[in-house]
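The values are calculated or read from the model by the stated rules, or taken from the named source; none is laboratory data. As the structure is a prediction and not an experimental result, all values here were calculated from the model. Backbone-built Cβ (ideal geometry, glycine too); neighbour counts: all protein chains shown. When the accessible area is computed, the model is the full protein with side chains, heavy atoms only, and any ligands, DNA or RNA have been set aside. Shrake-Rupley method; radii C 1.70, N 1.55, O 1.52, S 1.80 Å.
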Amino acid sequence: MIHYNPNDILISIHIPKCGGTSLDAILQKWFGLGLHRHYFNTRSGALPEKARLKTWWGSLRKGVCVHGHFNARKAYGVFDYYPQAKQFITVLRDPLEHLISTYYYELKVAKKRKLFRNKKRVSLSDFPDIDTYIRTHDSYLLLGFPWEMNMENYKNIIQKNFISIGVSEDLQGFISDAAQKLGKKNYKIPHLNISQRYQMPNEESIAIFKAKHPLEYAVYAYAKELNDEK
């Protein structure tokens with residue numbers, strides 16, 4: 001893992017439903033005015049604005065952190081905005097748990113008629129049941145990463161680019177580790193944006209999902225291994 005340099009921009013990849021909303025509250029305390037949020041507007045289609053990386057008199061700003069959702073396939077990936085980025089933090093989650101959590105979160109928002117994709121409101125008909133959702137949706141756990149990751153290179157990418165990488169099951173452990181490495185105060189993590197569950201997928205749906213996503217499981221397992229070593 002790499003060492004933090006406050007003279008360089010820090011990218012915090014917020015993977016939805018991996019504790020990023022809770023992490024945002026901590027990052028606000030750590031970086032204050034240096035925190036820039038990077039989010040695509042699913043309702044209007046507006047792309048995120050770029051963070052101001054220089055002072056008004058032209059020198060580089062220190063202690064800038066950009067936190068948010070990134071997606072190179074939709075032109076708001078990390079390197080689309082910050083090609084110079086070279087230090088990262090993020091939190092991952094068990095791939096199946098991640099998609100199940102996404103299902104219940106999106107279902108909750110869709111019931112309020114507030115869920116949009118490509119500027120169009122999502123209908124409740126898109127959520128017939130959890131098994132159909134698991135079978136028809138791919139994991140997007142790694143979509144925010146700015147590199148083409150595979151089974152041969154993912155460990156090297158993590159080691160050469162990340163200051164700290166955590167798992168949502170031990171979010172407090174990640175915060176403690178990141179605080180130490182960034183030279184920040186350790187805070188107790190708040191638990192925010194939690195969705196209630198009503199049903200779990202059956203074993204056949206789970207087996208189909210796991211067979212489709214060996215890379216996601218490998219990256220998650222490595223992050224968990226690194227987390228357990230702290």
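Note down, for the stretch 40-91, the three equivalent ellipsoid semi-axes (square root of 5 times each alpha carbon gyration tensor eigenvalue), biggest first, whole angstrom. Before the final figure, lay out the partial values.
Values: eigenvalues 96, 41, 20 Å².
Sorted largest first and rounded, they come to 22, 14, 10 Å.
I want to verify the translational diffusion coefficient of the chain in µm²/s; compute it with Stokes-Einstein, Rh as the Kirkwood radius over Cα pairs, at 10 °C and 1.306 mPa s.
Roughly 85 µm²/s, to the nearest whole number.
Any idea what the alpha-carbon Rg over 2.2 N^0.38 Å comes to for the stretch 79-196? Spell out each step's value before the answer.
Working: Rg = 17.2 Å, N = 118, 2.2 N^0.38 = 13.5 Å.
Taking N as the residue count of the stretch 79-196, the ratio is 1.27.
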Tail beyond 17 Å, pair distance distribution of the stretch 1-110 (Cα, percent): 60
Entries of 155/181; 155/185; 50/112; 17/212; 54/185 with Cα pairs more than 23 Å apart: 155/185; 50/112; 54/185
Per-peptide average of other Cβ atoms within 10 Å, ordering 127-137, 42-52 highest first: 127-137, 42-52
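Starting from the exponent 0.38 and prefactor 2.2 Å, build the expected Rg for the stretch 147-217 from its residue count and divide its actual Cα Rg by it.
Numbers: Rg = 16.7 Å, N = 71, 2.2 N^0.38 = 11.1 Å.
Cα Rg divided by the expected 2.2 N^0.38 Å: 1.50.
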Cleavage-rule hits (chymotrypsin sites (Phe, Trp or Tyr not before Pro)) in the stretch 143-204: DSSP loop, at most 10 neighbouring Cβ within 10 angstrom: 198
Calculated log₁₀ intensity ratio I(q)/I(0) where the Debye formula runs over C-alpha points of the stretch 1-50, q = 0.21, 0.22 Å⁻¹: -0.95, -1.01
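Excluding residue 202 itself, what net charge comes from residues whose Cβ is under 12 Å from its Cβ, given Lys and Arg +1 and Asp and Glu -1?
Values: positive: 135; negative: 129, 131, 203, 204.
Residues near residue 202 contribute -3 overall.
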Under 5 Å, built H, 5+ apart or other chain: amide partners of residue 68: 12, 14, 38
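Given a 1.4 Å probe, how much area per residue of the chain is accessible, in Å²? The partial results should precede the final answer.
Working: 12090 Å² over 230 residues.
Per-residue value: 53 Å².
If we count every other residue with Cβ under 11 angstrom of residue 81's Cβ, Lys/Arg +1 and Asp/Glu -1, where does the sum land? If you can, show how the numbers build up before the last one.
Working: positive: 50; negative: 49, 80.
Net charge around residue 81: -1.
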Loop GluC sites (Glu not before Pro), the stretch 143-176 (other Cβ atoms within 10 Å of the site Cβ: 14 or fewer; DSSP): 148, 152
Ranking by accessible area, most exposed first, for 208, 163 with a 1.4 Å probe: 208, 163
Portion, in percent, of the accessible area of the stretch 153-230 that falls on carbon or sulfur, probe 1.4 Å: 51
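Can you tell me what percent of all Cα-Cα pairs in the stretch 71-134 are more than 17 Å apart? Don't jump to the answer; show the numbers that get you there.
Numbers: 1199 of 2016 pairs.
When every Cα pair of the stretch 71-134 is considered, 59 percent fall beyond 17 Å.
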